[in-house]
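Report on the following structure.
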Amino acid sequence: MTDTLRVILEIGKKRRVVAGAMDWPGLDRWGTTEDDALDRLSAYVPRYAGVAERAVMGSAFARALEVEVVERVPGSSSTDFWGIAHVPSHIEGEVLSSADLEPRLDLLSAGWRFFDDVAARVSQELRPTPRGGGRSRDQIVRHVYATEPAQFSRKIEVRTPLDVVLTPDGLATHRREFLDAIRAYNAEGKPARTWPIQFLVRRTAQHVMDHAWELEDRDLGASSAP
């Protein structure tokens, strides 16, 4: 961890730029320009603080105030379409030491807990928005839990069946096995297929946090979106 907010920018071919905080998995936002993406990322810093606090890293996160762009990556058409990082950066190809990997896994775990906590407190029916086809809370929760083994953990051979991951005990087991597999792959210097391990952690956390914030923003029990 550093005292700057180190950011990777993925530049889409036409429409979107994705800004990702490389040391803080899950803090990823997109904009229509580099400045717009960085502004949106900065706007979500207070909302990400709850994840850092759950990982007992709140003080370190609070010190990382100054944004530092450390790499610009040419994106793909998927970058433009989805507004999500699709091309691993050069810096994320580096194999982390165990000491450097563990804080990121702590943050990924904290993101999972953050999502679970949000899902437990928001309304079942959600405020309609153009995003997501008007899915309910339970539909979003199912999507998040099901997508992880379908798209992310399977890259490192953790293939938890859907009916297992949708149970509390099965979900907990899946998460432990996913983290252990990340550690094992990293220790051997193995990528997650075409993704470096750092990028796998960032993309997994991004998906969890993006939907956690969607739940908060669409909660009918809140007077307005945070």
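The values are calculated or read from the model by the stated rules, or taken from the named source; none is laboratory data. These numbers were taken from a predicted model, which means no experiment stands behind them. Every residue, glycine as well, gets a Cβ built from its backbone with ideal geometry; the counts of neighbours run over all protein chains shown. Surface accessibility is based on the protein's heavy atoms, side chains included, excluding ligands, DNA and RNA. Shrake-Rupley method; radii C 1.70, N 1.55, O 1.52, S 1.80 Å.
Summary of computed values
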read-out: Residue-wise HN-Hα coupling along the range 198-208, computed from phi with Karplus coefficients 6.51, -1.76, 1.60 (Hz; x: Gly, Pro); value: 4, 5, 4, 5, 5, 5, 4, 5, 4, 5, 5
read-out: Potential lengthening between Glu34 and Asp100 on full extension [0.36 nm per residue; Cα-Cα distance subtracted]; value: 21.0 nm
read-out: For peptides 177-189, 90-102, sequence by mean Cβ density within 10 Å, most packed first; value: 177-189, 90-102
read-out: Extension reserve of the Lys13-Ser78 stretch, reckoned as 0.36 nm per residue once the Cα distance is removed; value: 22.5 nm
read-out: The range 116-226 - percent relative contact order, Cα under 8 Å, separation 6 or more; value: 35 percent
read-out: Top positive-direction residue, dipole computed over the range 154-226 with Cβ charges, set Pro191, Val158, Gly170; value: Pro191
read-out: For the range 22-29, Karplus couplings with θ = phi - 60° (6.51, -1.76, 1.60), whole Hz, Gly/Pro x; value: 5, 8, 10, x, x, 8, 10, 9
read-out: Karplus 3J(HN,Hα) series, Hz, for the range 75-81 with 6.51 cos²θ - 1.76 cosθ + 1.60 (x for Gly, Pro); value: x, 10, 4, 5, 4, 5, 6
read-out: Per-residue [θ]222 nm for the chain (sum of -39500 (n - 2.57) over DSSP H runs n ≥ 4, rounded to 500); value: -16000 deg cm²/dmol
read-out: Surface accessible to a 1.4 Å probe, per residue, for the residues of the range 39-92, Å²; value: 54 Å²
read-out: Reciprocal of mean inverse Cα separation for the chain (Kirkwood radius, Å); value: 17.8 Å
read-out: All lysines inside 20 Å of Lys155 as judged from Cα atoms, apart from same-chain residues fewer than 8 positions distant; value: Lys190
read-out: Full-extension gain in nm, Glu71 to Arg159, via 0.36 nm per residue minus C-alpha separation; value: 28.4 nm
